[in-house]
Each structure stands twice: as C-alpha cells, then as structure tokens.
Amino acid sequence: MRKLLLASIMLVWASIAFAQEKTVSGKVTSSEDGSPLPGVSILIKGSTKGATTDGNGIYKISAPANATLSFSFIGFETQTENIGNRTIIDVQLKSDVAQLNEVVL
C-alpha cells in the first residue's frame with residue numbers, strides 16, 4: 001500500500017513538472033534599424049538545449065516556464081530574457097562596438 005501511494009505521488013509530480021514546459025517564439029531584430037537577424041543563437045541557460053533564428057529572425061523553442069533564454073550573435077551584446085508566463089518574446093539586440101572592432105582587427 002505504501003509503495004502504491006509513493007508511486008502515485010511520483011506520477012502526479014512528474015506530470016506537473018512536464019506540464020510546465022511551454023513553447024516560446026518571437027522575432028530577433030537589430031535595435032539600430034529594426035532589421036531581422038538570421039542565425040542568432042538562443043540557449044536555455046543551464047542547459048545545452050537551444051535554437052537559432054531563421055532568415056526572417058524568427059525562432060521557436062520549447063522550455064520550462066521558469067527558464068531564462070540567452071540571445072547571442074556576433075557583433076551584438078548578449079541579452080537574457082526570463083520566460084515567466086510569456087509565450088511570445090521579441091528581442092532587439094544592441095550592437096557591441098568593442099566586439100566588432102575585435103573581429104575586424
């Protein structure tokens with residue numbers, strides 16, 4: 001009886017944990033001119049799971065609701081966003097002039 005109760009509790013807990021996974025999508029653009037940024041890396045902090053933006057700057061990723069997304073692209077400052085209860089997160093990345101100078105040199 002005790003094992004059955006423990007198994008039931010574990011099953012309920014597992015289903016709750018998986019229910020918190022959500023799909024987040026959005027568009028990544030340049031803050032300077034609003035142009036879409038293709039090839040931006042989006043990573044879930046603390047994991048190896050990620051995605052990249054398509055040719056129009058659009059991305060889609062499945063992540064836990066309490067996760068933080070990290071957006072990075074060469075020549076731009078890395079930006080983080082907490083998901084919370086949002087399903088659409090649009091991001092504008094700022095140019096990183098120091099990093100651009102390092103790449104050019």
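Can you work out the Karplus-derived ³J(HN,Hα) for every residue in the range 26-36? Use 6.51 cos²θ - 1.76 cosθ + 1.60 with θ = phi - 60°, whole Hz, and x for glycine or proline.
My calculation for the range 26-36 gives x, 10, 10, 10, 7, 6, 6, 10, x, 6, x Hz in order.
Run the numbers for residue 52 and residue 97: contour at 0.36 nm per residue of separation, minus the present Cα-Cα distance, in nm.
Contour length minus Cα-Cα distance gives 13.9 nm.
So, in nm, how far is label residue 87 from label residue 68 when the simple model puts each one 7 Å beyond its Cα toward the Cβ?
Placing both labels 7 Å beyond Cα along the Cβ direction yields 2.6 nm.
Please report Rg (one decimal) and Dmax (integer) in Å for the Cα set of the range 22-104.
My reading of the Cα-based Rg and Dmax gives 12.5, 40 Å.
Read-outs throughout are calculated quantities, based only on the coordinates presented, and are distinct from any laboratory measurement. Here the structure is a predicted model, which is why all the values come from computation and not from measurement. Every residue, glycine among them, receives a Cβ derived from its backbone with ideal geometry; neighbour counts consider all protein chains shown.
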